[in-house]
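The values are calculated or read from the model by the stated rules, or taken from the named source; none is laboratory data. The model shown is predicted, which means the values in this text are computed figures rather than measured ones. Here the Cβ positions follow ideal geometry from the backbone for every residue, glycine too, while neighbour counts run over all protein chains shown.
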Ligand SMILES: Cc1cc2nc3c(=O)[nH]c(=O)nc-3n(C[C@H](O)[C@H](O)[C@H](O)COP(=O)(O)OP(=O)(O)OC[C@H]3O[C@@H](n4cnc5c(N)ncnc54)[C@H](O)[C@@H]3O)c2cc1C
């Protein structure tokens, strides 16, 4: 145990920061959260998002994903969380084995050939949480507000200055590259298209391993999120119209109802890719960033680990 009366400052209000702040505040710890941008303007708000360990590496990634899966399953039973459980298919045109994490899913089964789109060789059906991220981030903000915590908009220039009289949780995503001088953060731009839902109730994901030209759709009630792409040569937040057209074209080749669906929004976000998630203590600072393409998937598990580390350092509790 360290000092017993330190308050905690979470920096960053994407899914990592918001979830961490919820977990700490609901454990009775005195927490504040600050962010350069409001939650709805973060990478997290741009994500698809589904529960899926993608573009991420850490020996505890599976454990963190499982913690998150259980909590998202509960949230799917509640109103206004933006979380729903949806069934669907991952499929591949080349021989591929289902990833290990599918073993944990009760709903998992291999597909018959006649369930797969033309040209696909192998596929599996399962149910997973799909999150409407702007709604979900609002839900987390409302949960924080219930325990008296509001996001303060301010850019932090030095974590070490902030950490002089408090514990700091660094949840700054790609911002950590500048804030901590962490060159291991490799920004990976992603783009999605949101369209009116022409009647889809199941998701589809082409699970062949590649970064560019991803192909998936995630139905979310009245709209469907179409993906996607990953590009490492630009950090621009401007949607590229050609990339958007190609995303719709790829999806519509498999699901023709998507060809004429009205486009509601183009989304761009920059994934905080890193050779490994950084979740560790450095003096009074606990880093929780570098979640790549799986920040939503890891969020509750990582927040639980942060809580353990914070307790070891010793913190002030709300009166
Ligand atoms: C197109 C796309 C699709 C995706 N799909 C999925 C998916 O289906 N499932 C999934 O699990 N993940 C998905 N991801 C990945 C996921 O979005 C990220 O891993 C996750 O959003 C990272 O969250 P974060 O809170 O760590 O970072 P961010 O959301 O980037 O938040 C960082 C926060 O830190 C703040 N900040 C940064 N620097 C400073 C500073 N100096 N001072 C103060 N505040 C600062 C920012 O303002 C922001 O509030 C997707 C990503 C993209 C782009």
Subject >> Test result for residue 219, in contact (Cβ under 8 Å) with a residue 60 or more places away in the chain, outside any helix (DSSP H, G or I) and either away from the ligand (no atom under 13 Å from the Cβ) or at positive phi (or both) >> reply: yes
Original post:
Tally time: how many residues in region 162-186 are crowded, with 19+ Cβ neighbours inside 10 Å and under 18 Å from residue 268 (Cβ atoms)?
Top reply: 5
Subject >> Number of the exception - residue 76 against (1) farther than 25 Å from residue 216 by Cβ; (2) surrounded by fewer than 24 Cβ atoms within 10 Å (Cβ to Cβ); (3) at pLDDT 95 or above >> reply: (1)
**OP:** Check region 156-166 and report whether any residue there is within 27 Å of residue 56 (Cβ to Cβ), outside any helix (DSSP H, G or I) and in contact with a strand residue (DSSP E or B) (Cβ under 9 Å, 6 or more places away or on another chain).
**Re:** yes
**OP:** Please find, within region 226-259, the residue that is farthest from the ligand (Cβ to nearest atom) out of those that are closer than 18 Å to residue 199 by Cα and in contact with a helix residue (DSSP H, G or I) (Cβ under 9 Å, 6 or more places away or on another chain).
**Re:** 259
Original post:
Can you tell me which residues in region 27-48 are more than 8 Å from the ligand (Cβ to nearest atom) and outside any helix (DSSP H, G or I)?
Top reply: 27, 28, 29, 30, 31, 32, 33
Original post:
So which residues in region 167-185 are in a loop (DSSP other than H, G, I, E, B) and near the ligand (Cβ under 7 Å from one of its atoms), if there are any at all?
Top reply: 171, 172
**OP:** Would you check if there is a residue in region 151-161 being surrounded by fewer than 23 Cβ atoms within 10 Å (Cβ to Cβ), more than 13 Å from the ligand (Cβ to nearest atom) and either within 21 Å of residue 275 (Cβ to Cβ) or touching a residue at least 40 places away in the same chain (Cβ under 8 Å) (or both)?
**Re:** no
Subject >> Filter result (within 6 Å of the ligand (Cβ to nearest atom) and modelled with pLDDT of 95 or more) within region 50-65 >> reply: 50
